[in-house]
Amino acid sequence: MKKNLLFISALFMSIFMNAQVKPATPAKEAPSKIKVYTPSGVSSSSSSKDNSYKWAVKTDIFSIITGEFPLIAEYRFAPKFSVEASAGVTYAYLPNDFLSSGDSDGLYSNSENTKAAMGTAFRGTIKFYPSSDYDAIEGWNFGIQVFSKTTNREYNISSSNDGSLLNGMKDSKVKTGISLIIGKQIFEDSNVTFESYFGVGIANSKRETSDVVSYDANGNPLTTPYVVTNSVSETKPNIQLGFRIGFGN
């Protein structure tokens with residue numbers, strides 16, 4: 001009997017002691033962190049990427065109407081500045097005395113005795129784009145342009161008189177100057193660009209024409225007529241208008 005009582009007492013003591021021990025609380029796992037992979041050399045901020053246009057190639061419709069066929073290239077070298085260069089050929093289907101204020105025509109220099117010939121044209125411009133909404137080369141712009149334009153008309157005298165000595169020679173007009181321009185350039189979604197501009201400045205026009213001398217100072221006919229070259233130069237205000245079309249990126 002005593003053995004049974006001791007066994008029961010020992011069993012209750014063991015149960016009581018186990019009840020006093022608190023179960024161990026399992027440790028909480030630290031939340032995992034998601035890592036985002038960014039390729040080296042690529043900025044994580046899309047706002048820092050420069051998506052503005054950097055260059056454009058175009059031509060001028062107004063210039064073509066007046067006999068100049070330019071190829072124009074513009075390149076942005078700073079956030080608000082660009083440089084523009086133009087090179088082209090001219091085809092003077094208008095006479096060289098068109099819009100001229102001076103009487104510089106020689107005896108054989110009118111449009112009836114000359115025909116259109118090829119010449120050259122060069123322009124260079126530094127442009128500033130002040131808009132806070134765009135970087136160059138988009139939006140309103142101001143610039144300084146220097147230019148040189150040569151228009152030639154070839155003598156074409158069909159009569160058999162002394163004037164035919166001029167055939168193959170040229171009535172040449174060289175116009176050089178500087179202008180302050182203001183314009184606006186916009187780009188369409190297809191990267192097509194349109195630009196219109198107005199310029200005002202000053203230009204010097206040098207005109208060289210030729211004449212045949214057939215008589216001496218006393219009015220007597222010369223045995224051998226000869227050709228003389230006349231040169232006239234004038235400086236006056238110069239106005240420019242342009243409408244350009246092209247593409248860029």
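In summary, residue 210 fulfils each of the numbered conditions (1) of a type in the set (Ser, Thr, Tyr); (2) within 17 Å of residue 72 (Cα to Cα); (3) touching a Leu at 6+ places or on another chain (Cβ under 6 Å) with the single exception of condition (2). Checking the stated criteria, residue 155 turns out to be more than 23 Å from the chain's Cα centre (by Cα), within 29 Å of residue 122 (Cα to Cα) and open to solvent by less than 50 Å² (accessible area, probe 1.4 Å). Within segment 186-202, the set of residues being surrounded by 11 or more Cβ atoms within 10 Å (Cβ to Cβ) and without any contact (Cβ under 8 Å) to a residue 40 or more places away in the chain comprises 202 only.
Report whether or not residue 193 is closer than 27 Å to residue 116 by Cα and not charged (D, E, K, R). Considered against the rule, which asks whether it is closer than 27 Å to residue 116 by Cα and not charged (D, E, K, R), residue 193 comes out as no.
The residues listed here are 163, 183; of these, the one that is within 29 Å of residue 75 (Cβ to Cβ) and surrounded by 14 or more Cβ atoms within 10 Å (Cβ to Cβ) is 183. Within segment 211-249, being open to solvent by 90 Å² or more (accessible area, probe 1.4 Å) and among the hydrophobic types (A, V, I, L, M, F, W, C) holds for 217, 239, 241, 247.
So for segment 163-180 (the condition being farther than 26 Å from residue 91 by Cα and of a type in the set (Lys, Arg)), does at least one residue qualify? No: zero hits.
So that you can scan it fast, the table gives a plain yes or no per residue for (1) surrounded by 12 or more Cβ atoms within 10 Å (Cβ to Cβ); (2) at pLDDT 85 or above:
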| position | (1), (2) |
| --- | --- |
| 27 | no, no |
| 31 | no, no |
| 39 | no, no |
| 43 | no, no |
| 52 | yes, no |
| 97 | yes, no |
| 102 | yes, no |
| 128 | yes, yes |
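The values are calculated or read from the model by the stated rules, or taken from the named source; none is laboratory data. Bear in mind that the values here come from a model prediction, so they are computed numbers and not experimental data. So basically every Cβ, Gly included, is an ideal-geometry build from the backbone, and we count neighbours across all protein chains shown. Note: accessible area is taken over every heavy atom of the protein model, side chains too, but ligands, DNA and RNA are not part of it. Shrake-Rupley method; radii C 1.70, N 1.55, O 1.52, S 1.80 Å.
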